[in-house]
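Contents: one structure, followed by commentary.
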Amino acid sequence: MTGAPEGLDAFTTRAWMLAAAVGVEQAADELTALDAAIGDGDHGSNLRRGFRAVAEALDGLDAPTPGAVLLKAGMTLISSVGGASGPLYGSALRAMGKALDQPSADAAQLAVALTAGLDAVRRLGAAQDGDKTMVDAWAPGAAAFTEAEGKGLAAASEAAAEAAELGALTTVPMQARKGRASYLGERSVGHQDPGATSTALLFRTLADVLAGR
Ligand code: ADP
Ligand code: MG
């Protein structure tokens with residue numbers, strides 16, 4: 001199948017998760033290097049383990065809805081990743097999954113789901129905007145998607161990916177107030193947050209899949 005999908009169905013959602021697994025594989029060393037600078041150097045290996053498990057769990061899963069795919073992916077991340085990012089991403093994908101229990105979602109429904117994912121991260125991690133976490137990429141990403149929602153899935157997800165990537169860059173001058181990086185205090189300034197970087201990657205792979213790339 002080629003071209004941009006009209007709706008986000010189970011097939012496209014699975015394609016997103018598999019593209020994310022490939023992206024994580026390619027970015028693992030970079031994510032680990034970012035985490036080595038302000039954390040414990042395991043973000044790339046955490047996500048690689050998690051998304052390999054997701055790809056395995058989705059193989060052969062008979063999922064009727066995008067929600068079923070995301071619930072399975074979220075559960076798998078929670079159970080396979082020991083670091084903070086596993087439960088955070090797992091909860092986000094589960095919250096998205098609960099919001100997407102129809103066979104196919106349009107841009108308005110995906111906007112609601114992305115916001116539900118952000119809310120789940122905020123609930124679990126209690127991070128505010130500017131605390132130098134994945135929230136600083138997810139929040140602008142979800143906001144940009146919602147703003148561009150009327151233009152359809154492909155355009156909205158492209159706007160979201162660009163906003164999330166910019167959001168990840170804005171973490172460089174921030175001082176970390178949550179997670180391991182916060183132990184460094186002012187020494188966390190000047191480094192890009194690994195979790196915000198992987199969130200930008202998730203948004204980018206969503207845009208790629210929804211553009212039919
Ligand atoms: P750990 O910190 O347990 O080693 P990872 O290295 O896999 O876990 O993930 C680190 C990333 O998790 C950080 O870069 C940050 O973006 C994110 N993170 C950590 N704590 C929080 C939190 N309380 N809220 C949101 N995101 C967080
Ligand atoms: Mg770490």
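Across the range 1-49, what is the number of residues that are within 14 Å of Ser104 (Cβ to Cβ) and at pLDDT below 95?
Final tally of qualifying residues: 4.
Within the range 89-111, identify whether any single residue is in contact with a helix residue (DSSP H, G or I) (Cβ under 8 Å, 6 or more places away or on another chain), within 16 Å of ligand 2 (Cβ to nearest atom), farther than 24 Å from Pro173 by Cα and not hydroxyl-bearing (Ser, Thr, Tyr), and answer yes or no.
Within the range 89-111, one or more residues are in contact with a helix residue (DSSP H, G or I) (Cβ under 8 Å, 6 or more places away or on another chain), within 16 Å of ligand 2 (Cβ to nearest atom), farther than 24 Å from Pro173 by Cα and not hydroxyl-bearing (Ser, Thr, Tyr).
Specify which of the listed residues (Gly130, Gly97) is surrounded by 22 or more Cβ atoms within 10 Å (Cβ to Cβ) and over 20 Å from Arg48 (Cβ atoms).
Within the list Gly130, Gly97, the selection yields Gly97.
Pick out, from the range 116-213, the helices (runs of 4 or more DSSP H) lying fully within it that include 3 or more residues that are within 16 Å of ligand 2 (Cβ to nearest atom) and either farther than 16 Å from Ile38 by Cβ or among the hydroxyl-bearing types (Ser, Thr, Tyr) (or both).
194-210
Could you tell me which residue of the range 177-197 is surrounded by the fewest Cβ atoms within 10 Å (Cβ to Cβ), considering only residues that are in contact with a helix residue (DSSP H, G or I) (Cβ under 6 Å, 6 or more places away or on another chain) and of a type in the set (Ser, Thr, Tyr)?
Ser188
Tell me, yes or no, whether the range 9-26 has at least one residue that is within 16 Å of ligand 1 (Cβ to nearest atom), hydrophobic (A, V, I, L, M, F, W, C) and surrounded by fewer than 20 Cβ atoms within 10 Å (Cβ to Cβ).
no
Has the range 93-114 got any residue that is part of a loop (DSSP other than H, G, I, E, B), touching a strand residue (DSSP E or B) at 6+ places or on another chain (Cβ under 8 Å), at pLDDT 95 or above and not acidic (Asp, Glu)?
Taking every residue of the range 93-114 in turn, at least one turns out to be part of a loop (DSSP other than H, G, I, E, B), touching a strand residue (DSSP E or B) at 6+ places or on another chain (Cβ under 8 Å), at pLDDT 95 or above and not acidic (Asp, Glu).
Restricting the range 141-182 to residues that are in contact (Cβ under 8 Å) with a residue 60 or more places away in the chain and not aliphatic (A, V, I, L, M), which is farthest from Ala127 (Cα to Cα)?
It comes out as Gly141.
Looking at the structure I just gave you, is Val209 in contact (Cβ under 8 Å) with a residue 24 or more places away in the chain, buried (at least 22 other Cβ atoms within 10 Å of the Cβ) and under 16 Å from Pro66 (Cβ atoms)?
Considered against the rule, which asks whether it is in contact (Cβ under 8 Å) with a residue 24 or more places away in the chain, buried (at least 22 other Cβ atoms within 10 Å of the Cβ) and under 16 Å from Pro66 (Cβ atoms), Val209 comes out as yes.
Restricting attention to the range 34-79, which residues are part of a helix (DSSP H, G or I), open to solvent by less than 30 Å² (accessible area, probe 1.4 Å) and polar (S, T, N, Q)?
Correct list: Asn46, Thr76.
The values are calculated or read from the model by the stated rules, or taken from the named source; none is laboratory data. Nothing here was measured: the structure is a model prediction, and the numbers come from that model. So basically every Cβ, Gly included, is an ideal-geometry build from the backbone, and we count neighbours across all protein chains shown. Calculation scope for accessible area: heavy atoms of the full protein, side chains included, ligands and nucleic acids excluded. Shrake-Rupley method; radii C 1.70, N 1.55, O 1.52, S 1.80 Å.
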